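Below is one structure; the comments refer to it alone.
The values are calculated or read from the model by the stated rules, or taken from the named source; none is laboratory data. Just so we're clear, the structure is a prediction, and the values are computed from it rather than from any experiment. Here Cβ is always computed from backbone atoms with ideal geometry, including for glycine, and neighbour counts include all displayed protein chains. With ligands, DNA and RNA removed, areas are computed over all heavy atoms of the protein, side chains included. Shrake-Rupley method; radii C 1.70, N 1.55, O 1.52, S 1.80 Å.
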Amino acid sequence: VTGFRRVLFRSIAIIVGRMICGWCLDRFWGPYVAVCFFVLPMAGIALLGGGFAYPVPLVGAAFCGAGIGAEIDLMAFFISRYFGLKAYGKIYGLMFMLFNLGTGLGPALSGRAFDMFHSYKQIFAVYEVALAITCILLIRLGAYAYPARHHQTPAATKTA
């Protein structure tokens, strides 16, 4: 039952994470939003690997889910802002393929690490370091190469 609850919490968190991420991207600089949403899975992994009793692992799973939900939105947003729309489909397709590759390899690597070390602590540490490096790289992104254009509504263009 606990495994089902963890999956349910993570699934709900994915949806909520996507909605909150999109709202934040409309209002704040993307790399700051991304770092916030990459810190969530870092906290989630720490909670999952910390050996805490119920309900802490559910919170950890929810944090990981919120990060996963935001990743796809962030990927699409960053491609449009830093690469433009000319080859958007091609770039997004490549990035989505790499995302899915990572999504598929993660559980396999986790299982292999558990078989080798009889613990998830080592692979969780690798994931934490990878997320920390990602946060550092995101903060170093400069201004958007293709910022959003703000269109005026017809009513705003009328002169009195």
remark   = Among (1) aromatic (Phe, Trp, Tyr); (2) more than 21 Å from residue 139 (Cα to Cα); (3) modelled with pLDDT of 85 or more; (4) open to solvent by 80 Å² or more (accessible area, probe 1.4 Å), residue 54 falls short only on (3)
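Quick check, is residue 12 within 21 Å of residue 135 (Cα to Cα), of a type in the set (Val, Ile, Thr), open to solvent by 50 Å² or more (accessible area, probe 1.4 Å) and part of a helix (DSSP H, G or I)?
When the stated conditions are applied, residue 12 does not pass them.
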key: Hits in segment 100-154 - residues which are farther than 17 Å from residue 38 by Cα, of a type in the set (D, E, K, R) and surrounded by 10 or more Cβ atoms within 10 Å (Cβ to Cβ)   = 112, 121
remark   = For residue 28, the lone unmet condition from (1) assigned to a helix (DSSP H, G or I); (2) at pLDDT 90 or above is (1)
message = So residue 44 passes all but one of these: (1) without any contact (Cβ under 8 Å) to a residue 24 or more places away in the chain; (2) exposed (fewer than 14 other Cβ atoms within 10 Å of the Cβ). Which condition number does it fail?
response = (2)
Flag if residue 103 is of a type in the set (Ser, Thr, Tyr), modelled with pLDDT of 90 or more and within 20 Å of the chain's Cα centre (by Cα) = no
query = Within the bounds of segment 82-94, is there any residue that is at pLDDT below 95, crowded, with 16+ Cβ neighbours inside 10 Å and charged (D, E, K, R)?
reply = no
inquiry  = Which of the numbered conditions does residue 16 fail, given that it passes all the others? Conditions: (1) within 25 Å of residue 120 (Cα to Cα); (2) in contact with a Gly (Cβ under 8 Å, 6 or more places away or on another chain).
reply    = (1)
request  = Please state which of the following conditions residue 23 fails to meet, knowing it meets all the rest: (1) crowded, with 19+ Cβ neighbours inside 10 Å; (2) more than 19 Å from residue 96 (Cβ to Cβ).
outcome  = (1)
